[in-house]
Every structure is written in structure tokens, then in C-alpha cells.
């Protein structure tokens, strides 16, 4: 109903009087029950009433939300770190080090003079490559510590089998069956931990020279910084592994592939025959993948 406001003293029109009389004369509509008074509530109180019977968020939900966001942020940071230290670093290295002719690639930068360490100067009990010194079990006694005859990487009494070479150390490692061809750099034990060559295979200083009676040990990355050993798990018994020095070419044939724990340093112990041992990390860096090969042929490089 619309009512018209009038100034004081102004008489109501005939329409208004008729409408008022009609309203007073009409009957009220019938209702089934008593009319409940209206209630005014705040928004928060009304929300609690409307959601009665449903679970509301509490401090546990808020804590889980914070934890979820923290884990997502940590995953993003970890992935970014891996991306930068892996594919991005490899891409930048490939751009800054373009492929060189084969003759230049076979000649690595000058290395220190060949030094055969004495038994007193060796890192007895050093763990396998990729293992930090603090990761060793303090209660474990390594084979190298039990008897002097098993000293870790004991000097080889047999001279190198390549007397014509001006430098008998390895320069190149080739695995034709998996399409791997890489330079070789000499690595050492520093602060009780083996160095690992980047974008190359690492020849362990103190292990046997290629072709000599003894254990020639190489290590390499499997996931980062070149990942030169990422496919050595595909090597099968009988596959060739070729090691080249300055003047000689040695062909080894794979004997076996095995997984060992980081503390099983006996895989690097000296041997009574010419043996080649390749080591890299596997199973999320909890174990070491080891490939053992025997010398099958040696001839001068043309």
C-alpha cells in the first residue's frame, strides 16, 4: 500500500478514506500457528547455526594447511636446485665447452706427475666414491684395517704393461655397447673422501695402471655433471670396455655387474690379474653400482 504524505491540516483524499475503511472491514487471513517473533543475529552466529552438524575448521586444519604449503615450497626449492645443478648446468657446460676434434679431446689438461703412494701415506679405510667421511659407520672395521696385507689400494709391485708410453695413465674410456666415450682425469683422496671427476671418468690415483696386474679403478657421476656413467648398468657380460693411454689401447671384457654398500671397499682391493672396476652411485645414492671387467687384449695405438 502506498500512502501519500501531506502537510498538517491537509485533508485526506476520498481514495485514502475508502482504502482505510476497506482494510478495517476485511478479515485477517487464517494462520495455522502463532507467528514467531523475528530474530536478528550476527553473521558469525548465523553461520554457526546454518552449519550445525557439519565439521568446522579448527587448529588442526590450520596446522595441516601450513604444513602442506611448507612441503610444496620445499619441493619447489628442491626441484629448482636439481634443475639448476643438473640439466641447466650441463647445458651451460656444453655451450661453454663445444665439442673439440678427437685428437684434442683425447689429450686432457696437464696432470700432476705420476705418484705411487706408499702404504703409510694411503687413505686406509676410505669409503667408496660419492661417500662422505661422516657417512661411515664408526663401529665398522674395514678389511683394510684388519691386516696389513689387505691395505687399501696397496702399491702395485708389477710394472705397467706399457713401457713404450710416455705417460701410462689412462686418457680415454670407451664403452661401445652403450655408446659412451669420455675423457679420463686422475682423482685423489682429499680429506678422507674420493674426488669425482665432472664431465669425465675419474681414474683413482694409486690403483693399477691400465694393462698392469692389479685393479684399475674408475668412477663417474650417474645423474649430474655429465652423468658419464649413467648407462653402465646396461653393460652385460662379454661387452667391451676400452681404455686408451698415450700410446696403448687396452680392451677389457665385462665379467659381472653388482650392487654394493658404500662401506664395501673390498671392490677396490688389489687383484692378482689385470682387472678394471667401474663405480658409480645407484638406488638413490644408497648403494654403489660396480662393473668388473678382465683384460682381454692390449696393443699399441696406430
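Given the convex hull over the Cα atoms of region 252-299, what projected area results after averaging over all orientations, in nm²? List each step's numbers first, then the result.
Values: hull surface 14.4 nm².
Across all orientations, region 252-299 yields a mean hull projection of 3.6 nm².
Any chance you could check the Cα centroid distance between region 47-76 and region 225-274 for me, in angstrom?
54
How would you order 211-219, 292-300, 167-175 from highest to lowest mean count of nearby Cβ atoms within 10 Å?
211-219, 167-175, 292-300
Going by how many other Cβ atoms sit within 10 Å of their own, how do 42, 177 line up, fewest first?
Final ranking by Cβ density, sparse to dense: 42, 177.
Packing-wise, with mean Cβ within 10 Å as the measure, how do 69-77, 182-190, 282-290 rank, highest first? Walk me through the intermediate numbers first.
Working: 69-77: 10.0, 182-190: 18.1, 282-290: 15.6.
Descending packing order for the listed peptides: 182-190, 282-290, 69-77.
We did not get these values from a lab; they are worked out from the coordinates using the rules stated. Predicted, not measured: the structure shown is a model, and the values here were computed from it. As a convention, Cβ positions derive from the backbone with ideal geometry for all residues, glycine included, and neighbour counts pool all protein chains shown.
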